1. Of the residues Asn63, Asn108, which is under 30 Å from Thr128 (Cα atoms), touching a Gly at 6+ places or on another chain (Cβ under 7 Å) and at pLDDT below 95?
2. Within the range 125-159, count every residue that is part of a loop (DSSP other than H, G, I, E, B), more than 30 Å from Ala40 (Cα to Cα) and not polar (S, T, N, Q).
3. Taking the range 167-209 as the search range and keeping residues that are polar (S, T, N, Q) and out of contact with any strand residue (DSSP E or B) (no Cβ under 6 Å at 6 or more places or on another chain), which one is nearest to Pro117 (Cα to Cα)?
4. Just to be sure I understand, how many residues within the range 152-201 are under 15 Å from Ala93 (Cα atoms) and surrounded by fewer than 16 Cβ atoms within 10 Å (Cβ to Cβ)?
5. Mind counting the residues in the range 161-192 that are more than 20 Å from Lys208 (Cβ to Cβ) and of a type in the set (Gly, Ala, Ser)?
6. Does any residue of the range 77-89 turn out to be in a loop (DSSP other than H, G, I, E, B), surrounded by fewer than 17 Cβ atoms within 10 Å (Cβ to Cβ) and at pLDDT 95 or above?
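The values are calculated or read from the model by the stated rules, or taken from the named source; none is laboratory data. The shown structure was predicted, so the numbers you read here are calculated from the model rather than taken from an experiment. In this analysis, Cβ positions are derived from the backbone assuming ideal geometry, glycine residues included, and neighbour counts consider all displayed protein chains.
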Amino acid sequence: MTNRSYICTVILLIMAKGEETRQFIIEKAAPIFNTKGIAATSMSDIMEATKLSKGSMYVHFENKDVLACAAVEHNMKLLSDRLQRVLSGRKTAEEQLLAYIDFFSDPNHPPVVGGCPLLNFGMEADDTNPIVKEKVNRAIKQGQELLTGIIEKGIANKEFRADWSPSDFATVLFAMLEGGHLMSRMSGNNDRMEVIGDSLKKMIGENKV
């Protein structure tokens with residue numbers, strides 16, 4: 001191996017190690033930010049979780065805001081990936097809608113540590129962090145587009161009535177689940193979410209062919 005090739009190999013290894021460390025920090029920071037919130041989370045909290053020095057932290061993230069944005073994206077991707085795995089195992093549009101509702105049916109034991117990141121970060125960033133606000137808004141739109149697409153597929157396959165509005169129900173379903181999540185987390189039980197889930201499933205049943 002020539003000196004030039006050796007140097008290139010070393011540089012690539014260093015870059016790979018750096019990316020690995022960066023991802024490690026994000027994975028450790030994500031549940032902390034989602035549980036405590038961006039404002040209440042300090043870099044000291046992240047240092048404690050990662051066991052890394054302040055210098056090591058700032059090598060990978062310029063400041064807390066940059067790390068918070070990465071953590072927000074990680075939490076939302078984690079939620080999306082887990083939801084997609086559940087939906088991919090369902091064949092019909094009706095099964096997918098019911099699975100979607102069930103996926104969010106236990107807010108006190110949520111799919112992502114700390115609760116729904118859309119609700120958590122959305123409420124906090126509404127008037128304080130336009131970058132995070134835009135990330136959450138984009139994720140909400142993607143969630144509604146997913147639901148709209150499922151219903152449209154169901155209509156095309158003659159599972160649902162042709163006059164059922166996919167976008168309208170997608171909005172209602174999304175809003176009711178997010179509201180139920182907040183109510184259940186505040187009360188410490190899932191009674192209200194059970195009522196919401198049953199109501200949504202009844203609406204789906206009423207629109208079947």
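1. Numbers: Asn63 fails: touching a Gly at 6+ places or on another chain (Cβ under 7 Å).
The unique qualifying residue is Asn108.
2. Qualifying residue count for the region: 2.
3. Of the residues in the range 167-209, the ones polar (S, T, N, Q) are 167, 171, 184, 187, 189-190, 199, 207.
When the remaining residues are screened for being out of contact with any strand residue (DSSP E or B) (no Cβ under 6 Å at 6 or more places or on another chain), the result is 167, 171, 184, 187, 189-190, 199.
Numbers: Ser167: 23, Thr171: 18, Ser184: 15, Ser187: 19, Asn189: 19, Asn190: 18, Ser199: 24 Å.
Within the range 167-209, the match that is nearest to Pro117 (Cα to Cα) is Ser184.
4. Selection size over the range 152-201: 9.
5. Selection size over the range 161-192: 6.
6. Residues of the range 77-89 that are in a loop (DSSP other than H, G, I, E, B), as a first pass: 89.
Going one step further and asking which of them are surrounded by fewer than 17 Cβ atoms within 10 Å (Cβ to Cβ), we end up with 89.
In the following step, the residues that additionally are at pLDDT 95 or above were identified as none.
Scanning the range 77-89, I find no residue that is in a loop (DSSP other than H, G, I, E, B), surrounded by fewer than 17 Cβ atoms within 10 Å (Cβ to Cβ) and at pLDDT 95 or above, so the answer is no.
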